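For reference, the structure is listed below as structure tokens.
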Amino acid sequence: MTDWRFMLHQLRRNPLSLAGIIIILIFVIVAVFAPLIAPTPDGQRDAYQIPRDGYSPIPQPPSGEHYFGTTEGQYDIFYGVVWGARSAFKVGLAVIGIVLVIGIVLGSLAGYFGGIIDEVIMRVTDVFLAFPSLILAMAITAALGPSLRSVLIAITVVSWPAYARLIRGDILAIREEDYVEAARGVGASHLRIIGRHILPNSIYPALIMASLDIGAVVLSAAALSFLGLGVPEGYADWGQMIQFARNWIVGPPGNPLAYWYTVVIPGLFILFFVLGWNLLGDAFRDILDPRLARR
Amino acid sequence: MELRAYIIRRLILLIPVMFGVSLLIFGVVQFFSPVQRATLYVSDPRQLAHLDEVVDKYGLNDPFWEQYGTWLNQLFHGNLGWSKIVAAPVGEAILKFLPTSLELALFAAPLIIIGGIFLGSKAAANKDKAIDHVSRVGAIIGWSLPTFWLGLVLLMVFYGYFRGLLPPERLSTEMNLLVNSDSFHQYTHLHTVDAILNGNLRVLGDSLRHLVLPVITLTVVNLAFVMRLMRSSMLESLGKGYVLTARAKGLDERTVVNKHARRNALIPVLTISGYLFAAIVSGVVITETIFNFKGLGWLAWQSAVHLDIPTVLGFALFTATVFVLANLVVDLLYARIDPRVRLGGRAK
């Protein structure tokens, strides 16, 4: 696989992609060691629930007790953003995993068999792609009620069509190759041809692109939470923490930026998380683009 | 004549898409129990005691297909249902909120498209030089920014720190009264256009002041996307044989870049304008929500949060229609820009 060596070489050469990898690694560490970085208070059953320090509606500035301050309703911002990193990986990995399975199954069916199967699957994706995904996701989360599961389902439902189309395209390109014809000639079953000959030769680019979409998925999930259609109140989630900050963007007279920490801190976490994936994605896009590569 | 047949055929294709979209939303609504949906029809607390009657009256316990049939039948009679949020028929509600979003898009779209094309081709023409790196990093950051957070930070600075310099909402209270008074004639309901037609500079200034932040918010994220696409398509086009030919025959670099390379590089950008449209609509939902800029996006958000199903359905059908029409226009433009493209399939 000289391709992999080439890819690694390109990645190392590009400082931006290195920055992306470092950012993602930091988030992985924060997510994995969340119980050590922000220990769950004794007696609390659900670790993803942000602990509260009283019920005062006014946010409190950063202090020794609350490193990043508290939001309205006294949710601890530090605890929220650290465990929010875990929620982000949970949502991102789960959605991309499910969407890839759906995309590979439907994409191979459509691309390999063609004909009526292809037509039906593609018309269904047309319907899904015919209107803004955010609206559909909003309707679905509203219908299913606020929970992390609803967010997962909503984003999965709106994002599978794009992957199904992408993978179908890749398979179409390879279906007529000589070695596929040869496999067919010696009497291999459809399942074997797809699984052993077509998929291994066609889906790596799609797999890589999809996994780099984790940033985009987390951004959508945060937007849903921000709109009040995501996770239940108090769940460690970056989007919701910004939702808490909405009423506090302007401070009291004389000190307009008094509550900056409620807005800025959770936002920076989302920004850097998505930025990490996009930096890496941008580098890969150049590497995988056959029109630009190896010039 | 061929063109007309092509347009008609494309419009007919709209029907199955609409059918699918409505079926999809209708399917989502079925997650609610009949009683839950019945409460949506209740306007008087006393009726809550008789929810069964409401369920019976609106046929909420009927099989899925019957309910869908009823809704479809109503739709064919021009009835999209009653919007609880606006307290008006859904069709009317959409028309009422449309101008606000249109005004926002009218200012943001040219910035996104022209700005993106300009910056993208600049970056490609100066590949691996400072301008390319700066615009590349700028684009990646812009595109990683959560729209809702960017909006809030902008408000924090320009509304909070600079004491109401660039405020949220669409007009100040005073101007709002003026716009809705008899002395101001609302021709289009686009405040900036109406202000010019009325010759009222104060309304024009005020509405522009309110437009700045939403337009910036909407532009930043989408501009990055167009720019990146334009850059890679321009790079490809600069490597083509005809560019080499143009250079070889001694054309100056400006003509080569602007005429030979850029025009061909525009085609992929055009292709994704449909996608861009969808992105702007999603962006509009979040932008309008943050800035309390009450247009269609704000309406969609309110109706989704308050489970105003007829309004959500109406909005979905509306955006799907506009989306399909936008794609049709793109295809027609396509044929104008690229002489190799022939509409209606077979080339002769």
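The values are calculated or read from the model by the stated rules, or taken from the named source; none is laboratory data. Note that the structure is predicted; figures quoted are calculated from it, not measured. Cβ: placed from backbone, ideal geometry, glycine included. Neighbour counts: every protein chain shown.
Filtering the range A:111-145 to residues that are charged (D, E, K, R), free of Cβ contacts under 8 Å to residues at least 12 places away in the same chain and more than 9 Å from chain B (Cβ to nearest Cβ) leaves only A:Glu119.
Residue-by-condition table, conditions (1) surrounded by 14 or more Cβ atoms within 10 Å (Cβ to Cβ); (2) modelled with pLDDT of 75 or more; (3) hydrophobic (A, V, I, L, M, F, W, C):
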{"residue": "B:Lys294", "(1), (2), (3)": "yes, yes, no"}
{"residue": "B:Leu307", "(1), (2), (3)": "yes, yes, yes"}
{"residue": "B:Val324", "(1), (2), (3)": "yes, yes, yes"}
{"residue": "B:Leu343", "(1), (2), (3)": "yes, no, yes"}
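Against the numbered list (1) at pLDDT 75 or above; (2) within 14 Å of chain A (Cβ to nearest Cβ), B:Leu40 comes up short only at (1). In this structure, B:Leu60 does not satisfy being in contact (Cβ under 8 Å) with a residue 12 or more places away in the chain and touching a His at 6+ places or on another chain (Cβ under 9 Å). So, in the range A:132-164, how many residues would count as being charged (D, E, K, R) and in contact with a Ser or Thr (Cβ under 6 Å, 6 or more places away or on another chain)? Adding up the residues that qualify gives 0.
With the requirement that a residue be within 13 Å of another protein chain (Cβ to nearest Cβ) and basic (Lys, Arg), what does the range A:196-253 give you? A:Arg246, the sole residue that qualifies. Of A:Ala110, A:Ala85, all but one fail to be out of contact with any Lys or Arg (no Cβ under 8 Å at 6 or more places or on another chain) and either surrounded by 14 or more Cβ atoms within 10 Å (Cβ to Cβ) or β-branched (Val, Ile, Thr) (or both); the exception is A:Ala85.
Of the residues B:Leu150, B:Leu155, the single one that is in contact with a Phe, Trp or Tyr (Cβ under 8 Å, 6 or more places away or on another chain) and assigned to a helix (DSSP H, G or I) is B:Leu155. Within the range A:22-62, the set of residues being within 14 Å of chain B (Cβ to nearest Cβ) and aliphatic (A, V, I, L, M) comprises A:Ile23, A:Ile24. The range A:13-125 holds helices (runs of 4 or more DSSP H) entirely within its bounds, and those carrying 1 or more residues that are over 21 Å from A:Ile265 (Cβ atoms) map to A:15-32, A:77-108. In the range A:165-188, the count of residues that are surrounded by 20 or more Cβ atoms within 10 Å (Cβ to Cβ) and within 11 Å of chain B (Cβ to nearest Cβ) is zero. The set of residues in the range A:233-273 that are in contact with a Lys or Arg (Cβ under 8 Å, 6 or more places away or on another chain) and surrounded by fewer than 21 Cβ atoms within 10 Å (Cβ to Cβ) comprises A:Gly234, A:Pro256.
For B:Leu95, the test of being without any contact (Cβ under 8 Å) to a residue 60 or more places away in the chain, over 24 Å from A:Arg246 (Cα atoms), surrounded by fewer than 18 Cβ atoms within 10 Å (Cβ to Cβ) and not small (Gly, Ala, Ser) is passed. For the range B:258-292, a residue qualifies if it is crowded, with 23+ Cβ neighbours inside 10 Å and among the aromatic types (Phe, Trp, Tyr), and exactly one does: B:Phe291. Taking the range B:148-158 as the search range and keeping residues that are at the interface with another protein chain (Cβ under 7 Å from one of its Cβ atoms) and touching a residue at least 40 places away in the same chain (Cβ under 8 Å), which one is surrounded by the fewest Cβ atoms within 10 Å (Cβ to Cβ)? The selected residue is B:Leu155. Note on the range B:160-203: residues that are assigned to a helix (DSSP H, G or I), in contact with a His (Cβ under 9 Å, 6 or more places away or on another chain) and not hydrophobic (A, V, I, L, M, F, W, C) amount to 3. Among the candidates B:Leu72, B:Leu119, the residue that is touching a residue at least 24 places away in the same chain (Cβ under 8 Å), surrounded by fewer than 16 Cβ atoms within 10 Å (Cβ to Cβ) and within 32 Å of the chain's Cα centre (by Cα) is uniquely B:Leu72. Scanning the range A:143-163 finds one or more residues that are within 28 Å of the chain's Cα centre (by Cα), charged (D, E, K, R), surrounded by fewer than 17 Cβ atoms within 10 Å (Cβ to Cβ) and in a helix (DSSP H, G or I).
When the range B:250-300 is filtered for residues that are more than 16 Å from the chain's Cα centre (by Cα) and of a type in the set (Lys, Arg), the ones remaining, listed by number, are B:Arg254, B:Lys259, B:Arg262, B:Arg263. Restricting attention to the range B:214-226, the residues that are crowded, with 24+ Cβ neighbours inside 10 Å and within 12 Å of chain A (Cβ to nearest Cβ) add up to 1.
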